Structures are given as C-alpha cells and as structure tokens.
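The values are calculated or read from the model by the stated rules, or taken from the named source; none is laboratory data. Note that the structure is a prediction, hence the values are computed from the model and not measured. As a convention, Cβ positions derive from the backbone with ideal geometry for all residues, glycine included, and neighbour counts pool all protein chains shown. Ligands, DNA and RNA are stripped out before the accessible areas are found, and what is left, the full protein with its side chains, is counted by its heavy atoms. Shrake-Rupley method; radii C 1.70, N 1.55, O 1.52, S 1.80 Å.
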Amino acid sequence: MANSLRSLPSSSSLVPSSAHSRPEKLKLLTSSRSVSFPSQLPHNLSLSGGVEISNIVRIVRACSAEMQVDISLSPRVNAVKPSKTVAITDQATALAQAGVPVIRLAAGEPDFDTPAVIAEAGINAIREGYTRYTPNAENCLFIYVLFLVVIEENGLSYAPDQILVSNGAKQCILQALLAVCAPGDEVIIPAPFWVSYPEMARIADATPDLFIPKKLLEEIAKIVAKHPRLLVLSDEIYEHIIYSPATHASFASLPGMQERTLTVNGFSKAFAMTGWRLGYIAGPKHFVAACNKLQSQITSGASSVSQKAGVAALGLGYAGGEAVSTMVKAFRERRDFLVKSFGELDGVKISEPQGAFYLFIDFSSYYGSEVKGFGKIENSESLCRYLLDQGQVALVPGEAFGDDSCIRISYAASLTTLQGAVLRIKKALDALRPAVPV
C-alpha cells in the first residue's frame, strides 16, 4: 500500500487506497461518519497538508472518550413487554441454581419425556444423514401425513400449499399477524389469553383489544361471517389434552369458517416435544403464501430432524394414541388433586379446567393483606412475589393473562411435586386473611 492516503472531503470516510487488500482496520467514529485506516501504519504517515496521522489519532481518541454510544432501540421493540412467564421461570431457575429449593410451576412445559418412538425417529434421521435444509413450503412427506391427520381428526381438507410448517406454533402465530395486520388494525383477544398474543399484535403494528368472552364459539362465528375484514386466528395447540366428556372443536370446522380461519397447531404440548420446535399453520392459500414469504426471509424451513420426528408423532394414532392418552390421564389426576386441595381454602374461587394443564385460580380475596417484612398484597403480581419469597413456589400472576384477580398454576409436574407445592402455598397463605368478603 502506498505511504499516503487520499485527501477526501471532511464529510467522507478515509479509506485505504487499495481496494484489493483487506488488512485488519481500526475504525473510529467522528460525528456521523467514520475514519478507517490499516492497523499497521508508518509512524510518520501524513495526509496532504502535512497533518500527521498520529495527531489525528490523538484527537479522535480524545473525542471518543467524551462520546457515548447510541443504545436506543426500535420503537417497535420498546412497545413490547417482556414475557412474565419467562421472567418468573428465569428467576426461579436462578434461585434453584443458587441452592434455594424452589418448586417451579410457572412454565407451560410437559414434564414427560418425548415418547420413545418419536425420539428414535429423530435419532434415525441424524444417522441417515437427514440433516440438511428443508424446503420452506410443501415438504411432501411431512405435509402429506399432516394433511391426512387433519382430515381424520377435524374433518378439514387443505391442499399442500395451504399448510406451512414452521419452527414451533409461536412462529406461526407471529408470521400470521405480520402477514395480515396493518398499522391501526385491531386484534381482538379474549381473556384469559396467552401472554404473547398482545405483544405479537404490537410487533405487527396492530392494537390488541382485550375482553373476557361471554359468547360461545358459534356466536363469534356469526359475527365474523357478517364482517369481511374479520379473520380468526385459532391457536389449537392443546387440541389433544382434553378431559372427557369435553371434546375439541376446531373453529375452522364451523359452517363457513374455513375460508376465514388461520389454524395454528404444533407438537410441543401433546407430544412433549417443546425442544423440537415444530408447528404448523393451515388456512386459505393467499394468507399461508404470505406467511411462507415471511418465513423464507426469517428462518426458512423447519428442522429436518424435527420433521422426521413429527411424522412419527402423527403415526401414533388418533389423538396421539396411547402415548398421549397416558399423559392426559396423569394430567387429569393432577388436576383433580389441585382442584380439591385449593377448593378447601376460604375465599378462593376455582373452576375445573376441561383441557390443557393449568389452573387459573381467583385469589383476589387475599388482596389488601399486610405481611410483616414483605408489605401489602395488592394484586396478582405481589401475591406471586410473596409466594415465591415465603413459600418458594414459582407461579405466574393472572395480570399477564388478562385477569389480575387470578394466578396461573401449571400442573405439568409430578403429583409428588404438586403435593409439596400445595403444602407450601397453604402455609404461606395462613399468614394472610381474606381482606374482602366473598
């Protein structure tokens, strides 16, 4: 490289005269522009006009010491609230790692291992070299099997280009909102809801409109039918974790709703495959194609290994076969124990869930209580903090789900663990007295 640099206007960058060699560079910011030069410079190198590089370096270093790095974030990100389930789970995990015997009932993750036949399919996929990129859409084998299962279990018929497989149902939901929402649109979310729904709507520049539903699905379908701009995004991730006599009804199966519904589902909950990250969306071709376009620029196709495991999961039989029914039976036993146990507490309102593995219990009668050394129990968040502090049980405040009167308890844990949690919670609540008559 020559022993001089070209003299450029002050608003431009100073760059090496050779575009072909790319030595390691030092880059120092001055105002909105940068000065770039090789890290190895002769000590007497100078610019035109006799100004030595060493003098410029000293000046820039002095300026840099006074400058602060701009750490501002996108307004879109600033508008998003952190997930309280993730925050509480992380806090509980940190306490456990520090030696505190915390019982963690915050995360919505089955405590069962992935069924062996599914795990073996994933292992075999690796051994057989099925470890490369997958098509972003229309992965023939997986979507064909998925197509047959959807028809059999929900009576819905989709073409291959009406199904998109993604890295978990969460990705499907976000891509759907990004595909159909415009700034100013409203996303109507019935409460209680999953904590991520409102934040995903905000990421898509839409406004979440939260309400507690009083109508049946059929009534909602009648309203949708009257308004061409209304679409339904139906998250059916707990489709197979249902307690009889309750049954699952896919919203798209209602009269006239298939062309107005984007159905999201996945493998995390029913098949205990949370770490495999595999989900799908099914709906009208126009909308699924838009989701496909987004995914092609974000993650591309879902994991090849996970898709092979997914085929095995779909082959277990109707509603997941015996493997899933065994897990559902255990969830039901745990539900029954918790409903009975918490039903014995004064001032507690509880309804028996017909699916999934959560209780959403109204503890609002304890709000207003004063606790020595802790303070006042004002809402679901402070009650959860109190139970974590005094009872060493991690739960999620209902405020995160749209109802501050409640607390969510996940019973995706062994019956022994749940029995220990109940004892701790009851002991912690003994120090409180219902402050509001029920």
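Odds and ends about this structure:
- Cα-derived Rg to Rh of the stretch 262-353, Kirkwood definition: 1.14
- Surface composition of the stretch 236-371: carbon and sulfur atoms hold 54% of the protein heavy-atom accessible area at a 1.4 Å probe.
- Built amide H within the under 5 Å cut-off of E239, gap 5+: none
- Remark on V371: its backbone amide H falls under 5 Å from those of K376, I377, a criterion applied only to residues 5 or more positions apart or on other chains, H modelled at 1.01 Å from N.
- One chain, two ends: K427 and T131. Fully extended at 0.36 nm per residue, the span grows by 101.4 nm beyond their Cα-Cα distance.
- Pairs of Cα atoms farther than 17 Å apart, the stretch 337-425, %: 47
- The stretch 138-272 pair-distance distribution - Cα-Cα, 5 Å bins, rounded %: 2, 9, 17, 23, 23, 16, 9, 2, 0
- Fully extending the segment from E219 to L95, taken as 0.36 nm per residue of separation minus the present Cα-Cα distance, adds 40.0 nm.
- Across the options I223, S253, T207, the greatest Cα extent toward the positive end of the charge dipole of the stretch 173-261 (unit charges at beta carbon of Lys, Arg, Asp, Glu) belongs to I223.
- Each Lys or Arg adds one and each Asp or Glu subtracts one; over the other residues with Cβ under 15 Å from the Cβ of Y130, this totals +1.
- Shape index of the stretch 163-203: Rg/Rh, with Rg the Cα radius of gyration and Rh the Kirkwood radius from the inverse mean 1/r over Cα pairs, equals 0.97.
- Above-threshold pairs, the threshold being 29 Å between Cα atoms, out of K84/K285; K349/K427; K170/K222; K81/K329; K269/K349: K84/K285; K81/K329
- Rolling a 1.4 Å probe over the protein heavy atoms gives the stretch 159-219 an accessible area of 47 Å² per residue.
- Fully extended contour minus Cα-Cα distance, from A79 to Q419, at 0.36 nm per residue: 118.5 nm
- Rounded to the nearest 10 Å², the accessible area of L73 at probe 1.4 Å: 110
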